[in-house]
Amino acid sequence: MSEEKITIPEIIRVGDLADKLSVPVADVITELMKNGVMATINENIDFETAEIIADILGFEITKETDEGPKKKEVKTDGKNLKPRPPIVAVLGHVDHGKTSLLDKIRETDVAGGESGGITQHIGAYQVECCGKKKVTFLDTPGHEAFEKMREHGAKVTDISILIVAADDGVKPQTEEAIKHIKNAGSKMVVAVNKIDKPGADPTRVRQELMSKGVTPQEWGGDIEFVDISAKSGEGVEKLLETIIALSEVMELRADPNGDAQGVVVESNMEPGKGPVASILIQNGTLHIGDHLQAGETFGTVKSMEDEHKNKVEKATPASAVKISGLKAVPEVAQLVQGFASEKEARVEAEKTKKYGVVKKLQNVKKIDAESLSADIEKSLKSELGVVVKADVVGSLEAIKESLTKLNNKYVTIKFVGEGVGEVSESDIAMAELSDKVIIAFKSKVTPSIKQAAKNRGVKLVSYDVIYELISDVRELMAELMPVERIETVIGHLKVLALFKVSPKKTVVGGKVEEGKAEKGSWARLKRKGEVLGEYEVSAVQKNMDEIQAAKAGEECGISFAEKVKIEVGDVLEFYTVSEKKKEM
Ligand code: GDP
């Protein structure tokens, strides 16, 4: 055993382990293989596996101790706490009116109206209502983003509006939304929408929701319901008042002093500006020139704009601003923190990145009995390699998540390239290395890129509607599904006589008892119920004439493509074989 002590992280690449041990990578791979782990140089193994391999190779290793990134505590007490506006999200089934409601609310905004309304989408905006009270609305794309924020540990939303169309009632995504809201621990208000429509039945919506555990206050529960029409605006003011009243009871407070803390609600690459991100401030105040960590990246705030495209110098709790100055585009829902220096921000970003990588590694290989069979199964699997581009990080993540849900036992999707912004030459190059598919969601595609893709045989498809995108990818994956062999029994024959027509060839004489005996089909030879072999039928004869098939009740002669050991009294079961792709 070597004296040398080597430290390695929780998860390590096979190649890196070989480097750390200063042994040829082939040795590591061989030892892994002997232990049932089929891993390539670029694959990752966990610490326990690395320890076993290192031990075999004569090294002792220890685990790196690294506590990972720390989130500064959001101050929730102290004398500096000041009331802040509530942060509100709208969730519900598709087409039940989320967008219409948010649009209507923007229209009713007094302050926004004066300054020309909201001129840019930055993922969140504030409106003033009910006597100059402010409310911040999250304007992010749907449930995925909501859930992502929760995953990243950001409790962002104070109040969630569950929107349900009164003419449609509770639908699958309504139930999903209820789950998200409960998981996120935010307060719920139900907006029963489309009450202007002829088929609207707000009472039925209440009944349906009650059966899902969401009981209206007026029926003895604790959830406020407001009937609205996002189209005419009826009830929208009352909904806002309900939210304000609820938020006042919640006594929402934040400390506007000190380094800013918040969360990324939108991000993309902007020509001329570089990476930009919309940040919803939760605590502290963000100023131009502040040093920030935003998830896995960092930087110093160069410019700040609000949702009216006004340049601003600072942003206080519950407001959102679009900033530039980060080194890279951060992921939506990542946490943002201010630091005294850019160096500190960088260190924190690097830690987050390192931890992010470990968390994202799903394909960690380990020594265990199951891994060998899993490897065999994996080798039977097909992969569809695609490049995905989207307009903003939020959509990119939502698309990837939805596409990953199409994965099944046989076909999985692999993102060989991804990014936000316009489709580029390098996307084409990436696509060329895999299945030559680029999926662009609301991303710009210049005519020259389109032509280049065409010339190089890369399928480049643009989408505006996520469902169409998913349905097309599903089709591509369906093409990769394995072929299934389908056997259909077509008839049975009882062997009555054997005619030796040459030293090598015997014609089997018999009577078709049911179905048919057909040329080109297969025959299973059975004796007393036991299967003795399967043979291809090369000819069927009747009275010395070759025929295609003999029917039930007919006597015929059967020839096989090869020599068959058969006896009088045996049974032949005829069957055909067809091939069909497995369904997704
Ligand atoms: P989302 O998918 O939840 O964002 O739903 P949208 O806001 O896009 O609305 C879906 C459809 O319902 C659109 O055609 C809207 O015009 C319509 N809609 C939304 N709210 C109302 C409403 O209160 N009354 C009526 N009549 N139509 C509505």
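The values are calculated or read from the model by the stated rules, or taken from the named source; none is laboratory data. Fair warning: this is a prediction, and the values are worked out from it, not measured in the lab. When we count neighbours, we look across all protein chains shown, and the Cβ atoms used for this are built from the backbone with ideal geometry, even at glycine. For accessibility, only protein heavy atoms count, side chains too; no ligands or nucleic acids. Shrake-Rupley method; radii C 1.70, N 1.55, O 1.52, S 1.80 Å.
Take each peptide in 292-299, 161-168, count the other Cβ atoms within 10 Å of every residue, and average; sorted highest first, the result is 292-299, 161-168. Near residue 84, the amide H atoms lying under 5 Å from its own belong to 252, 253, 254; only residues 5 or more places off or on other chains count, and H is placed 1.01 Å from N. Annotation: Cα Rg of the stretch 193-259 relative to the compact-globule expectation 2.2 N^0.38 Å equals 1.45. Using only the alpha carbon atoms of the stretch 365-480, find the Kirkwood hydrodynamic radius as the inverse mean reciprocal pair distance, in angstroms to one decimal. With all distinct Cα pairs of the stretch 365-480 included, I get 14.9 Å.
Normalised by the number of residues in the stretch 261-356, what is the relative contact order in percent for Cα pairs under 8 Å and 6+ residues apart?
37
Pairs from the list 187/231; 82/302; 405/450; 5/63; 134/311; 516/581 with a Cα-Cα gap above 18 Å: 187/231; 82/302; 405/450; 134/311; 516/581.
Direction-averaged projected area, Cα convex hull, the chain: 41.8 nm², rounded to one decimal. Solvent-free Debye calculation, one equal scatterer per alpha-carbon of the stretch 404-466: log10 I(q)/I(0) at 0.13, 0.25 Å⁻¹ equals -0.35, -1.11.
Restricting to DSSP H runs of at least four residues, report the calculated mean residue ellipticity at 222 nm for the chain, -39500 (n - 2.57) per run over all residues, nearest 500 deg cm²/dmol.
On the way: 15 runs with 164 residues, N = 584.
The helix contribution divided over the chain gives -8500 deg cm²/dmol.
Each Cα pair under 8 Å and six or more residues apart adds its separation to the average, and for the chain the resulting relative contact order is 10 percent. Restricting attention to the chain, close to 65% of DSSP beta bridges with both partner residues there are antiparallel. Residues 546, 573, sorted by accessible area with the largest first, give 546, 573 [1.4 Å probe; ligands and nucleic acids excluded].
Solvent-accessible area of residue 464, all protein chains in place: 110 Å² (probe radius 1.4 Å, heavy atoms, ligands and nucleic acids excluded).
Arrange the peptides 321-333, 382-394, 496-508, 419-431 so that the one whose residues have, on average, the most other Cβ atoms within 10 Å appears first. Working shown, then result.
On the way: 321-333: 23.8, 382-394: 22.2, 496-508: 12.8, 419-431: 19.0.
Going by the mean number of other Cβ atoms within 10 Å, highest first, we get 321-333, 382-394, 419-431, 496-508.
Just add up the charged neighbours of residue 561: K/R +1, D/E -1, any other residue whose Cβ is under 13 Å from the Cβ of residue 561. Let's see the in-between values first.
On the way: positive: 504, 505, 519, 563; negative: 534, 536, 562.
Result for the local shell: +1.
Peptides 273-284, 8-19, 476-487 ordered by packing proxy, namely the average of other Cβ atoms within 10 Å per residue, highest first: 273-284, 8-19, 476-487. Measuring max minus min along each principal axis, the C-alpha atoms of the stretch 484-581 give extents of 42, 26, 23 Å (largest first).
Just tell me, in residue order, which DSSP H segments of the chain are both 15 angstrom or longer along the helix axis (alpha-carbon based) and at least 0.0 in mean Kyte-Doolittle hydropathy.
Qualifying helices, which must be both long enough and hydrophobic enough, are 236-250, 393-404, 466-479.
Summing Lys, Arg as +1 and Asp, Glu as -1, what charge do residues with Cβ under 11 Å from the Cβ of residue 287 carry, residue 287 excluded? Counting the neighbours of residue 287, the net charge comes to -2.
So what is the accessible area of the stretch 5-63 per residue, in Å², with the probe set to 1.4 Å? Don't skip to the answer; put the middle values down first.
Details: 2690 Å² over 59 residues.
That works out to 46 Å² per residue.
For 582, 353, write out the residues from largest to smallest accessible area, computed with a 1.4 angstrom probe and no ligands counted.
The residues order as 353, 582, largest area first.
Straight-line cross-link reach from residue 322 at under 12 Å between alpha-carbon atoms covers these aspartates and glutamates, not counting any fewer than eight positions away in the same chain: 266, 270, 305, 306, 307, 313. Annotation: the stretch 5-63 has a Kirkwood hydrodynamic radius of 10.9 angstrom, from the mean reciprocal C-alpha pair distance. Across the stretch 484-581, the relative contact order, built from alpha-carbon pairs under 8 Å that are at least six residues apart, equals 40 percent. Among residues other than residue 579 with Cβ under 11 Å from its Cβ, the summed charge is +2 (Lys and Arg +1, Asp and Glu -1).
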